[in-house]
Amino acid sequence: MKKDEGHLIHEKIAVPEQSPRASRSRLCKLLKENLGSYNATIINGRAGTGKTTLAADFARHAGRAIAWYKVDAADCDLRLFCQYLSKTVRLQRASLDEARLLQLTETAESDRAELLAEAFVFQLSEGKFEPLLIIIEDLHLVYDADWVVPFFRRLMPLLPADVHLLITCRSLPPAPLWRLRSKQMLRVMDETELAFTLDEAILLFESYGLGEEHARVAWRQTNGRAAAIADFAATPGRAGRAVADNYLSINQRELKCLAGPTPNFQT
């Protein structure tokens with residue numbers, strides 16, 4: 001993979017190129033509404049629920065400058081996390097003083113994470129720029145780091161009005177963070193919202209030239225789980241076999257009902 005002079009991986013701060021087969025307009029609309037109503041949004045769900053695909057799709061429709069950061073487990077080091085975060089934000093806001101922020105990560109003070117958050121917000125607030133959407137993917141990989149709670153607990157309430165933070169994760173952040181939603185600073189979207197509706201499933205299957213009945217069977221069998229229903233639609237012949245199996249299952253149930261109870265010949 002390509003690396004820059006600081007040994008940072010470029011792909012970690014680039015918006016994924018793949019586009020969804022069918023855009024989730026319902027969810028993109030909710031995310032757009034969040035931009036003006038909350039400081040931050042968390043998309044929470046297990047693997048396969050469509051978090052990254054949704055975030056990348058929204059990044060293309062948000063109408064804002066985008067700073068993307070894909071977190072890895074090694075980023076539990078505050079300095080490395082700060083390097084990636086400041087690097088991706090600087091791509092949109094060149095005035096950001098990365099050296100100053102990195103200097104704060106080297107202090108031995110117990111509140112260094114909070115100081116870093118305050119300095120980061122201060123720099124985001126300087127000057128006039130295009131509204132910014134910061135997307136941090138897979139934050140759950142660094143939950144164990146001692147700086148995560150103090151950094152984000154300080155960062156979220158202070159974000160300027162033209163900056164929104166979007167986080168994807170496989171489990172909710174530690175309680176002091178996600179409880180910020182009670183203060184109308186944070187919106188949490190969970191697996192229930194991420195699941196495909198029947199109408200969305202039908203649109204997806206139509207993009208493959210498949211009919212509504214195929215979509216209905218797949219939707220019932222997958223409970224609308226994004227990765228499962230996408231695989232269902234993309235696998236040749238699978239949807240047709242599922243419809244046939246479903247039809248046979250219904251017929252067998254009808255036959256049993258018509259047959260009635262087995263007679264008892266014992267007297």
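What tally of residues in segment 182-202 results from selecting those that are of a type outside the set (A, V, I, L, M), assigned to a helix (DSSP H, G or I) and within 30 Å of Ala234 (Cα to Cα)? Steps first, please.
Narrowing segment 182-202 to residues of a type outside the set (A, V, I, L, M): 182-184, 187, 190-193, 196-197, 199-200.
If we keep only those that are assigned to a helix (DSSP H, G or I) too, we end up with 182-183, 191-193, 199-200.
When the remaining residues are screened for being within 30 Å of Ala234 (Cα to Cα), the result is 191-193, 199-200.
Result for segment 182-202: 5.
Looking across segment 36-46, the residues that are closer than 23 Å to Val71 by Cβ and open to solvent by 20 Å² or more (accessible area, probe 1.4 Å) come down to Tyr38, Asn39, Asn44, Arg46.
Under the condition of being out of contact with any helix residue (DSSP H, G or I) (no Cβ under 9 Å at 6 or more places or on another chain) and free of Cβ contacts under 8 Å to residues at least 60 places away in the same chain, the residues counted in segment 8-49 number 5. Looking across segment 197-214 at every residue that is of a type outside the set (Ser, Thr, Tyr) and within 23 Å of Arg46 (Cβ to Cβ), the one that is surrounded by the most Cβ atoms within 10 Å (Cβ to Cβ) is identified as Ala201.
All but one of (1) in a loop (DSSP other than H, G, I, E, B); (2) crowded, with 21+ Cβ neighbours inside 10 Å hold for His7, so report the exception by its number. The one condition His7 does not meet is (2).
Would you say Ser125 is over 16 Å from Ile167 (Cα atoms), hydroxyl-bearing (Ser, Thr, Tyr) and open to solvent by less than 70 Å² (accessible area, probe 1.4 Å)? Criteria met by Ser125. Residues that are of a type in the set (D, E, K, R) and over 23 Å from Glu11 (Cβ atoms) within segment 71-113 comprise Asp97, Arg100, Glu106, Glu109, Asp111, Arg112, listed in sequence order. Take the residues in segment 123-139 that are in a helix (DSSP H, G or I) and touching a Leu at 6+ places or on another chain (Cβ under 9 Å), then tell me which one is nearest to Phe58 (Cα to Cα). Result: Leu124. Listed conditions (1) aliphatic (A, V, I, L, M); (2) crowded, with 17+ Cβ neighbours inside 10 Å; (3) touching a residue at least 40 places away in the same chain (Cβ under 8 Å); (4) touching a Cys at 6+ places or on another chain (Cβ under 7 Å) are all met by Leu116, apart from (3). The residues in segment 49-62 that are modelled with pLDDT of 95 or more and surrounded by fewer than 16 Cβ atoms within 10 Å (Cβ to Cβ) can be counted, and the count is 0.
Taking first residues from segment 124-142 that are without any contact (Cβ under 8 Å) to a residue 12 or more places away in the chain and partners that are among the charged types (D, E, K, R), no Cβ contact under 8 Å between residues at least 6 apart in sequence or on separate chains turns up. Is it true that Leu78 is in contact with a Ser or Thr (Cβ under 7 Å, 6 or more places away or on another chain), surrounded by 15 or more Cβ atoms within 10 Å (Cβ to Cβ) and in contact (Cβ under 8 Å) with a residue 60 or more places away in the chain? For Leu78, the condition - in contact with a Ser or Thr (Cβ under 7 Å, 6 or more places away or on another chain), surrounded by 15 or more Cβ atoms within 10 Å (Cβ to Cβ) and in contact (Cβ under 8 Å) with a residue 60 or more places away in the chain - is met. Give me a count of the residues in segment 155-181 that are assigned to a helix (DSSP H, G or I), within 20 Å of Gly45 (Cα to Cα) and either touching a helix residue (DSSP H, G or I) at 6+ places or on another chain (Cβ under 8 Å) or open to solvent by 50 Å² or more (accessible area, probe 1.4 Å) (or both). Qualifying residue count for the region: 6.
Across segment 50-88, the number of residues qualifying as among the hydroxyl-bearing types (Ser, Thr, Tyr), in a helix (DSSP H, G or I) and touching a helix residue (DSSP H, G or I) at 6+ places or on another chain (Cβ under 8 Å) comes to 4.
Before we move on, is Arg241 of a type outside the set (Phe, Trp, Tyr), assigned to a helix (DSSP H, G or I), over 30 Å from Arg90 (Cα atoms) and at pLDDT below 95?
Numbers: of a type outside the set (Phe, Trp, Tyr): yes; assigned to a helix (DSSP H, G or I): yes; over 30 Å from Arg90 (Cα atoms): yes; at pLDDT below 95: yes.
Spelling it out, Arg241 is indeed of a type outside the set (Phe, Trp, Tyr), assigned to a helix (DSSP H, G or I), over 30 Å from Arg90 (Cα atoms) and at pLDDT below 95.
When segment 96-150 is filtered for residues that are within 28 Å of the chain's Cα centre (by Cα) and among the small types (Gly, Ala, Ser), the ones remaining, listed by number, are Ala113, Ala117, Ala119, Ser125, Ala145.
Can you report the number of residues in segment 89-101 which are open to solvent by 20 Å² or more (accessible area, probe 1.4 Å) and assigned to a helix (DSSP H, G or I)?
Our first condition is that a residue be open to solvent by 20 Å² or more (accessible area, probe 1.4 Å); within segment 89-101, this holds for 90-92, 94-95, 97-100.
Add one more test, that the residue is assigned to a helix (DSSP H, G or I), and what stays is 90, 98-100.
Here the count works out to 4.
The values are calculated or read from the model by the stated rules, or taken from the named source; none is laboratory data. On a predicted model such as this, the values are computed, not experimentally measured, just so you know. Heads up, the Cβs are rebuilt from the backbone with ideal geometry, glycines too, and the neighbour counts pull from every protein chain shown. Accessible surface areas use protein heavy atoms only, side chains included; no ligands, DNA or RNA. Shrake-Rupley method; radii C 1.70, N 1.55, O 1.52, S 1.80 Å.
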